[in-house]
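Worksheet for the structure shown next.
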Amino acid sequence: MSATQQTDVLIAGGGPCGLMLANELGRRNIRCLLVDPKPGTAFNPQANATQARTMEHFRRLGFAQEIRSMGLPPDHPTDIAYLTRFAGTELARLRLPTAAAAPQAIKAMSGSWSAAELPHRVSQKFVEVKLREHAQRLPSVEVRYGCQLKSFTDTDTGSGIEAVVQAVDGGEPLAVQAAYLVGADGARSFVRKQLGIAWGGDTGFKRKFMGGKMLAVYLKAPDFYARNTNDRAWMYVVVNPQLRAFIMSVDGVSEFAFHIQMADDDATEALTEADARRLFSLAYGQAIEIEILSMATWLAGHALVAESFQRGRVLLGGDAVHLFTPTGGLGYNTAVEDAVNLGWKLAAVLKGQAGADLLESYERERRPLAMRNTGYARQFADSIGLYDAAPELEEDSPAGATARAAASEYLNGHVRREFNIPGVTFGGRYDGSPIIVADGTSAPPDAPNTYVPSACPGGRPPHAWLADGRSLYDTFNFEWTLLVLGPDAPRTQAFEQAASALGLDLRVVRQASAELAALYEAPLALIRPDQIVAWRGQDASQAAAVLAQATAQP
C-alpha cells in the first residue's frame, strides 16, 4: 500500500441504506467512499414495496418521479390479492392506484393519507440502480462495487478510522483514512461482528407461513397472465391447506419473484430447479412453464435489533442493525430512514455546524424505531402466518363455499392490516431524543392503520397541499426550515441571526394560511433536514437555545 486515500466517510455496503447515505452526504459536499463486494447493484428482486414516507424522501432528493416510473408499467394494477392458487379462486383483494394514477390520487386524500406521495410497488433492484446513478453524479462521492472492507481500526485519535479495502478479485490493497465508518453491510455485517455487537430480540419463529425456511425463485413466466382469469395484481398470496406462497410482479410482463414456505428446513437446502418448477405449478394451480433466473433459500421469522448502533466513530445502519420478517415491507424502508437520519448529522458534525454529541442522537432516535417497526412486522407475520386454511377450502361443495366465505372475511381484514398502514409509515417519532425540543404536548397514539397528523415536536410535519398545487414539503429547505404560519405571524429575526452564528442553512418559509397555523397549532415550527419537527412555538424569543439544542451544541 503505497498511498492512503483520504475521505470523510467510508461506507461499507452498497444496498439501499449505503446508497441513500451516499446521496445524503454527497448532496452536502461531504467526501465519501462506498465499497461493496458485489459486482454491482442487486440482481435479485429482494424488497418490493417503497412506502410513502420513503417516496417523500426521494421527492426531497428530487427523483421520486424517476422511481415511480420504474418497475411495473404505469397502468399496471398494484393490488394485493389472496387466492386459493395464483390462477385459482380469489378470496380477498386490496385495490390500490396505479403508478400513473398515484400523483393525482394523493392530492384528493386527507386524514391518515395526507401526504406528498403514495407508496410505489417497485423491486429494490430498480431502486438501487437509481440511487447509484444519482450518487455517482455527485462530485464528492466515489462508489466501488467489487471492492470489500478487509479491516478497520478506530484509532480514537485525530486520524479517525484507518481501514483497508481491496478488490474482490485481488490486486493491491488500498489504505483508507476516514473521519467515520458506516457499516451498512447487511445481515451478516462484517463491521458489526468486528465490533462485537450482539443481536437483541427474537428469531426462529415457526409459522405455517412467514416462519422458517422459504424458497425464493426469481423467474420468468410468460404465460402467467394469459392463463390467469383473475384480475391482475402486483402481489398474489396463495392460501390453501396444501401450501402457502406469494409472488410479486417485477416488470408487469413476465418476471416474478416467487416465495414458498417450506416445512422441512433441511430438505429445503437440497431443492433442485425441477423441484422449484413443480412447486410453482402447484402454487399456480396447473402446470405452467417457467424460466428460472435464480433461486435461493432464506429464513423468515426474525424480529432482531442490534444492541448498539454506534461504537466510537463507527456507526451501523440498515440490515446490519435490524432484521425483519418482510411483512409490511418495513425492512428496506426502515434502512432508508436510517440513512436519512444519519446523513445530515454526519455532515453537520464534519462541517463544524454541530457538536460531536449530535451523532449520539442517531442511536437514541433510530433504535426505538427499529424495535417498533420489527414489532409491527411481527404482528403482520402472525396475522397471516398463524392463520389456518380450512381443509375443505378448495372443495366444490357447500362446506367449501362456507370455508371460502370465512377465509374471505378474515383475509380482507388482514390485507388492510398489513398493507394499509399509514400509522406505521408516517407515525414514527423521536420522542425523548435530546435534540428534540419538547413543548409539553403528547403525540396521538401510535397505531399501525391510522395516522393523525400532529406537529408535536419529534415527528413528521403535518402535510398540506398549497393553493398553487405544490406540496408544503416542496417549499422546505434541503437543510433547516422555519415555518412561519398564519396571517399575524411573529417576527423571526432571532432565528435567522442564531442560524447564521452557527453556520446553519436556514430558510424562512412564510405561509399566511390560518388553516396551516391551526394544523400546526403554533405560528412557528422548526423543521430539521430530515423533515422532522424539532420545535414549535409562539415566538422566536428562545431561538438561540432552540437551535443549540437541536444541533447538540456543547
*Can you give the extra length, in nm with one decimal, that the chain gains between residue 129 and residue 507 once fully stretched, where that is 0.36 nm per residue apart less the Cα-Cα distance?*
132.9 nm
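Trypsin sites (Lys or Arg not before Pro), restricted to segment 423-530: which are DSSP loop and have at most 16 other Cβ atoms within 10 Å?
Here the trypsin sites (Lys or Arg not before Pro) that fit, given the DSSP loop and packing criteria, are 470, 491.
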*Carbon and sulfur atoms: what percent of the 1.4 Å accessible area of the chain do they account for?*
50 percent
*Quick one: ranking 78, 41, 450 by accessible area, 1.4 Å probe, largest first, what do you get?*
450, 41, 78
*For labels at residue 291 and residue 43 in the simple 7 Å Cα→Cβ model, what's the distance in nm?*
1.5 nm
*Projected onto the charge dipole of the chain (+1 at Lys/Arg Cβ, -1 at Asp/Glu Cβ, origin at the Cα centre), which of 25, 112, 406 gives the Cα projection farthest towards the positive end?*
25
*What does the accessible area of residue 205 come to, in Å² to the nearest 10, when a probe of 1.4 Å is used?*
40 Å²
*What FRET efficiency comes out for the pair residue 75/residue 468, r = Cβ-Cβ distance, R0 = 41 Å, nearest 0.05?*
0.90
_Pairwise label distance in nanometres, residue 144 with residue 518, each label 7 Å out on the Cα-Cβ vector_ = 5.8 nm
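When the dipole is taken about the Cα centre of segment 355-504, and only Lys, Arg (+1) and Asp, Glu (-1) are charged at their Cβ, what size is it in debye, to the nearest 20?
380 debye
Please get the size of the charge dipole for segment 272-315, origin at its Cα centre, with Cβ charges of +1 on Lys and Arg and -1 on Asp and Glu, quoted in debye to the nearest 20.
For segment 272-315, the charge dipole is close to 320 debye.
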_Radius ratio Rg over Rh of segment 115-220, counting only Cα atoms, Kirkwood formula for Rh_ = 1.04
_Environment charge at residue 242 (Cβ cut-off 10 Å; Lys +1, Arg +1, Asp -1, Glu -1)_ = +1
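If you take every DSSP beta bridge fully contained in the chain, what fraction is antiparallel? Give it as a percent rounded to 5.
DSSP beta bridges in the chain are roughly 70 percent antiparallel.
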_With +1 on the Cβ of every Lys and Arg and -1 on the Cβ of every Asp and Glu, and nothing else charged, how large is the dipole of the chain about its Cα centre, in debye rounded to the nearest 20?_
560 debye
*So, counting K/R as plus one and D/E as minus one, what does the shell of residues with Cβ under 11 Å around residue 458 add up to?*
+1
*Go from 0 up to the bin containing the longest alpha carbon distance in segment 102-158, width 5 Å each, and give me the % of pairs per bin.*
4, 12, 12, 12, 13, 15, 10, 8, 7, 6, 2
*State which helices in the chain qualify, where a helix is a whole DSSP H run, it must extend 27 Å or more along its own axis by its Cα atoms, and its mean Kyte-Doolittle hydropathy must be at least 0.0.*
330-350
*Probe 1.4 Å, accessible area per residue of the chain, Å²*: 38 Å²
_So if each residue of separation counts as 0.36 nm, and I subtract the Cα-Cα distance between residue 153 and residue 108, what length gain in nm does that give?_
10.9 nm
*Once you have a ≥ b ≥ c as the square roots of the Cα gyration tensor eigenvalues for the chain, tell me rounded if a/c is under 1.5, and otherwise prolate or oblate according to whether a/b is larger than b/c.*
oblate
*Rounded accessible area of residue 153 (nearest 10 Å², 1.4 Å probe)*: 80 Å²
*Hey, if you put +1 on the Cβ of every Lys and Arg and -1 on every Asp and Glu Cβ in segment 142-199, which of 189, 157, 170 ends up farthest toward the positive end of that dipole?*
189
*Residue (of 331, 350, 72) at the positive-pole extreme of the chain, dipole from beta-carbon charges*: 350
_Stretchable slack from residue 266 to residue 232, in nm (0.36 nm times residue separation minus alpha-carbon distance)_ = 8.7 nm
*For the pairs 220/345; 38/213; 130/193; 150/345, note any where the Cα-Cα span goes beyond 32 Å.*
220/345
_Less than 15 Å Cβ to Cβ from residue 438, Lys/Arg counted +1 and Asp/Glu -1: what total charge do the surrounding residues give?_
0
*Report residue 147's accessible area, 1.4 Å probe, all protein chains in place, as a number in Å² to the nearest 10.*
10 Å²
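The values are calculated or read from the model by the stated rules, or taken from the named source; none is laboratory data. Nothing here was measured: the structure is a model prediction, and the numbers come from that model. Glycine gets a Cβ as well: all are built from the backbone with ideal geometry, and neighbour counts include every protein chain shown. The protein model used for the area step is the full one, side chains on, heavy atoms only, and it has no ligands, DNA or RNA in it. Shrake-Rupley method; radii C 1.70, N 1.55, O 1.52, S 1.80 Å.
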